[in-house]
Amino acid sequence: MAKKIVVFTGAGVSADSGISTFRDSDGLWENYSIEEVCTAEAIVRDREKVINFYNMRRRDVLSKEPNAAHIAIAKLEKYFDTEVVTQNVDDLHERAGSTRITHLHGELTKLRSSANPDLIVPIEGWEQGLTETAPDGSLLRPHIVFFGEAVPMFENAAAIVYSADILIVVGTSLAVYPAASLVQYVRDSSVPIYVVDPAELNIRSRNPITHIRERAAVGMPQLAEQLIKSLK
Ligand code: APR
């Protein structure tokens, strides 16, 4: 039975594709206030600003490519029972070839009814029109979890982390809950945790932690090769 690897990613895994993170020096939240563009109130108060913010991010992602970290994570599927749990809303894990991905905070490539969160509509290209409606007649909105909103995929993600024989954490500041608490859902204190992040370690855990203090595009391929070699 192949070992189960769960890879938990944040914005840092896409940084080497040229996509801004949120809290690094040039991060998104340096230039936009969360309250203006990433809360349920914001889309009611200033619909145009919010729709334009996500249109800009969607257009940016469409112009970028998966990097060596996404590709190394996809490669793990050939050798291990692998699942990705991501906080990212880009589709770079999908485009790199990963096939089992849980998006905790939504997806830029999808819109949804503003009345029924389960009524999801794919978007062609990058631009959502301001007045586009969903099949239920309500205004469409980005399929993104705004601050203050529920994280419906959290329970699924926690069960996935619980099933891990190995947990890999790539490129997340662990600043946002409940996502950040996922590292506590490993089934016991023997599950090894690997962290790939150039910043200092910020995980508190009794589990054995290996910190690969590198950019994801460098550290993740190294880690993947090491894990694959350990199978021989
Ligand atoms: N390679 C790997 N990690 C990197 C790189 C890189 N090239 N560059 C930066 N990082 C790391 C940073 O050190 C930091 O730990 O990526 C992390 C980025 O942290 P954040 O910007 O806070 O991104 P993230 O943890 O994904 O944010 C969580 O916050 O705003 C919300 O919903 C949004 O999903 C997001 C959540």
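Think of a 1.4 Å ball rolled over the protein heavy atoms: the chain then has 48 Å² of accessible area per residue.
Normalised by residue count, the stretch 1-61 yields a Cα convex hull volume of 128 Å³ per residue.
Remark: accessible surface ordering of Thr21, Thr109 (largest first) is Thr109, Thr21, probe radius 1.4 Å.
Only Lys, Arg, Asp and Glu carry charge here, each on its Cβ (+1 for the first two, -1 for the last two); on that basis the stretch 94-204 has a dipole of about 160 debye about its Cα centre. Of the residues Ile168, Ile19, the one with the largest accessible area comes first in the ranking Ile19, Ile168, computed with a 1.4 Å probe on protein heavy atoms. Counting charges near Asp197 (Lys, Arg +1; Asp, Glu -1) among other residues having Cβ under 13 Å from its Cβ returns a value of -1.
Taking the alpha carbon gyration tensor of the chain, multiplying each eigenvalue by 5 and rooting it gives semi-axes of 31, 18, 17 Å, largest first. Note on the stretch 72-201: Rg/Rh from Cα positions, Kirkwood definition for Rh, rounded to two decimals, is 1.01. Comparing Arg204, Arg187, Arg23 in a Gaussian network model of the chain (Cα springs below 10 Å), the most mobile by mean-square fluctuation is Arg204.
A straight Cα-to-Cα reach below 26 Å connects Lys110 with the lysines Lys49, Lys64, Lys75, residues fewer than 8 places away in its own chain not being considered.
Given a 1.4 angstrom probe, I'd like the percentage of the accessible area of the stretch 1-128 that is carbon and sulfur, rounded to a whole number. Carbon and sulfur: 49 percent of the exposed surface of the stretch 1-128.
The values are calculated or read from the model by the stated rules, or taken from the named source; none is laboratory data. Small disclaimer: the values here were computed from a predicted structure and weren't measured. So basically every Cβ, Gly included, is an ideal-geometry build from the backbone, and we count neighbours across all protein chains shown. Just the protein is used for accessible areas: all its heavy atoms, side chains included, with ligands, DNA and RNA removed. Shrake-Rupley method; radii C 1.70, N 1.55, O 1.52, S 1.80 Å.
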